[in-house]
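Input: a single structure, listed below in structure tokens.
The values are calculated or read from the model by the stated rules, or taken from the named source; none is laboratory data. Bear in mind that the values here come from a model prediction, so they are computed numbers and not experimental data. As a convention, Cβ positions derive from the backbone with ideal geometry for all residues, glycine included, and neighbour counts pool all protein chains shown.
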């Protein structure tokens, strides 16, 4: 072709297409350099995501944990224990305090090999420790680099604790032994109980770390504990202090002082009486409380057997748990005749009876075809209200309850505080049981009238009786007066609190007069205090054996008394559990010890006598025959209580004790070497079958029991789910009012 050819040259273009010959889009080629770049970007992206993930894990998921580990590697933190607050009685007497002790630590890296045996020998001797134990701590090793899994090199610990709460005198002796820098001392605190023989259940105790475990020590731990401080110092990789490193010091804040309403003088009086009541009556336990009627202040409270707060039996957890119970608030029981005070107050205030009312007791009362007996089989015959109270006549009090009716009587029962905790501040308080009134038949209501088919704590009972005799006000009982910090600031202040007004002052005055008659003319003669007017009420109630049957020998005897009658300054309740003596009456088992407490308390408080009374001194009749003792007591102007069949038996014990001053004509209980068991409880008891509770929820189980007149007890902290255990098998016959203990578990278990 010529260069002068004017036709344009055709360009050859390669085309690609489908098999059908149709043309497709041009194919883009990626060069090798681009492929390498994309691969590198992909690897970088993955690495970036991994780094982000690791940072998230390190800072968010494990941040707090790893920060603490890091801090522990380059700092040493020494805790500065706060001084625990004191516990004081109302007069400022120290009941619990803390004093400085020392913690001993070993610094094994600073101890020469040649000096280990000498130091271990000295420390084991002065600290009362095993030599091998001390030496083993001195030579204990760890990995040199704990976070390096491949590290097998080991080094001695830089510091290890040897013993807590070492007294200052021991530290002084150790300092003279030239132990060098291999032994360090740090200040610590130890709890001391100057009145260790008293207040065991009320105050409780602390653990080795100084934290409250029972009693006031536990209940008010947040106030007593204070706030610990610390000292922080920089260390090297081997946990040795870095010279010139940063140090931080945060001072501890001491705990506040808890001031109680109790008085050590009254506490000693009460606890001595409880010990004597338990010993003389060969009882399982005895519990008591002394209170100010007008304010609700608790002056003394305790249980026997007891222990010393400074040396609790920690090796036997079961025994320690039992001894730690303040049974006035933890244990519920049928109050028996002491509850008649509440029935009397309710009947008088509601108008169901008056002081002119009369009753007839033939030895029993027929209630809807059911015969319920009086404690006196022959009956009391015709009697006035005052005589019915003095005689503690069951039919009279049944009549009062029935005349009021369930609605009125129950209104007063709840007004007097039954079926609810008193919030006294004493640890472990329970609420007792009042069966819902929709399940109460006339026979049940009659029994409640004389203190059966209802359960309560001693605290609930004394609070209710207190309202009956103090003018009609239900006072909130309290044991903590105030809580004061070290700067003198009052953090908590408790004052007398009226929960509600229950009865009129006039009704209250009438009750005081009627209860005075019980002590002067009725069953409470053993509670008379020479020179003082005393009112009170006896009580004896039944217990049930492991099969739910009424026990003929397991009883609870009690007495509640107050003095002086016209202006009560003290009210005292003593409950004696399972006394094993020939005759069990509240008047003989408990009343003499309430008399002992009231007599000593009135004298201790300097309250002037309000009546003239002839005084007699109880002679020592132990070792005589019952017949000889009876004559000796008559010659001294006293009467005696004994078993007729045992006149020739030897008197092994007596109550009141020899040389006690009592009102002339008072009875003395004679305990002989013979043994015949009697009690004032002779009433026939209705028996019912225990229903099936397994598989029911709490409400259904409670309803099933209430329908047949039974009560239910369960752990208040585990009250959800279904019944998996009942302590008395279904179909077993038990007395009306028996408490069935059940265990509840969630359905998932």
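Tabulated results
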| item | result |
| --- | --- |
| Filter pass, residue 656 being within 30 Å of residue 264 (Cα to Cα), crowded, with 16+ Cβ neighbours inside 10 Å and in contact with a strand residue (DSSP E or B) (Cβ under 8 Å, 6 or more places away or on another chain) | yes |
| Evaluation of residue 491 against (1) outside any loop (DSSP other than H, G, I, E, B); (2) over 16 Å from residue 337 (Cα atoms); (3) touching a strand residue (DSSP E or B) at 6+ places or on another chain (Cβ under 8 Å); (4) at pLDDT below 95 (one fails), failing number | (4) |
| Residue match in the range 196-210 (condition: more than 45 Å from the chain's Cα centre (by Cα), in a loop (DSSP other than H, G, I, E, B) and either more than 30 Å from residue 269 (Cα to Cα) or at pLDDT below 90 (or both)) | no |
| Members of the range 250-308 that are surrounded by fewer than 24 Cβ atoms within 10 Å (Cβ to Cβ) and at positive phi | 282 |
| Failed criterion for residue 124 (all others in (1) free of Cβ contacts under 8 Å to residues at least 40 places away in the same chain; (2) exposed (fewer than 15 other Cβ atoms within 10 Å of the Cβ) hold) | (2) |
| Complete set of residues in the range 225-236 that are at pLDDT below 90 and in contact with a strand residue (DSSP E or B) (Cβ under 9 Å, 6 or more places away or on another chain) | 226, 227, 228, 229, 230, 231, 232, 233, 234, 235 |
| Residue identified as surrounded by 14 or more Cβ atoms within 10 Å (Cβ to Cβ) and without any contact (Cβ under 8 Å) to a residue 40 or more places away in the chain among 579, 592, 568, 619 | 619 |
| Residues of the range 351-369 that turn out to be assigned to a strand (DSSP E or B), free of Cβ contacts under 8 Å to residues at least 60 places away in the same chain and touching a helix residue (DSSP H, G or I) at 6+ places or on another chain (Cβ under 6 Å), as a count | 2 |
| Test: residue 472 is modelled with pLDDT of 95 or more, touching a strand residue (DSSP E or B) at 6+ places or on another chain (Cβ under 7 Å) and farther than 30 Å from residue 223 by Cβ | yes |
| Identity of the residue in the range 213-224, surrounded by fewer than 24 Cβ atoms within 10 Å (Cβ to Cβ) and not in a helix (DSSP H, G or I), that ends up modelled with the highest pLDDT | 220 |
| Any hit, the range 370-380, residues being crowded, with 17+ Cβ neighbours inside 10 Å and in a helix (DSSP H, G or I) | no |
| Residue match in the range 531-542 (condition: on the phi < 0 side of the Ramachandran plot, buried (at least 20 other Cβ atoms within 10 Å of the Cβ) and either free of Cβ contacts under 8 Å to residues at least 40 places away in the same chain or part of a loop (DSSP other than H, G, I, E, B) (or both)) | yes |
| Filter pass, residue 270 being under 30 Å from residue 586 (Cα atoms), modelled with pLDDT of 90 or more and either assigned to a helix (DSSP H, G or I) or not assigned by TED's automatic domain parsing to the domain that holds residue 487 (or both) | yes |
| The range 298-345: number of residues that are free of Cβ contacts under 8 Å to residues at least 24 places away in the same chain and farther than 28 Å from residue 711 by Cα | 6 |
| Residue match in the range 152-164 (condition: surrounded by fewer than 13 Cβ atoms within 10 Å (Cβ to Cβ), assigned to a loop (DSSP other than H, G, I, E, B), at pLDDT 85 or above and outside the structural domain of residue 273 (by TED's automatic domain parsing)) | no |
| Hey, residue 453 in a strand (DSSP E or B) and in contact (Cβ under 8 Å) with a residue 40 or more places away in the chain or not | no |
| The range 166-184, residues that are surrounded by 14 or more Cβ atoms within 10 Å (Cβ to Cβ) and outside any loop (DSSP other than H, G, I, E, B) | 166, 170, 171, 174, 182, 183, 184 |
| Condition met for residue 521 (more than 30 Å from residue 710 (Cβ to Cβ) and touching a residue at least 12 places away in the same chain (Cβ under 8 Å)) | yes |
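Yes/no matrix, rows are residues, columns are (1) more than 29 Å from residue 522 (Cα to Cα); (2) at pLDDT 95 or above; (3) within 31 Å of the chain's Cα centre (by Cα):
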| site | (1), (2), (3) |
| --- | --- |
| 379 | no, no, no |
| 391 | no, no, no |
| 397 | no, yes, no |
| 401 | no, yes, no |
| 409 | no, yes, yes |
| 416 | no, yes, yes |
| 419 | yes, no, yes |
| 428 | yes, no, yes |
| 431 | yes, no, yes |
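Residue-wise test of (1) touching a helix residue (DSSP H, G or I) at 6+ places or on another chain (Cβ under 8 Å); (2) closer than 16 Å to residue 224 by Cα.
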{"site": "468", "(1), (2)": "yes, no"}
{"site": "474", "(1), (2)": "yes, no"}
{"site": "487", "(1), (2)": "no, yes"}
{"site": "496", "(1), (2)": "no, no"}
{"site": "502", "(1), (2)": "yes, no"}
{"site": "506", "(1), (2)": "no, no"}
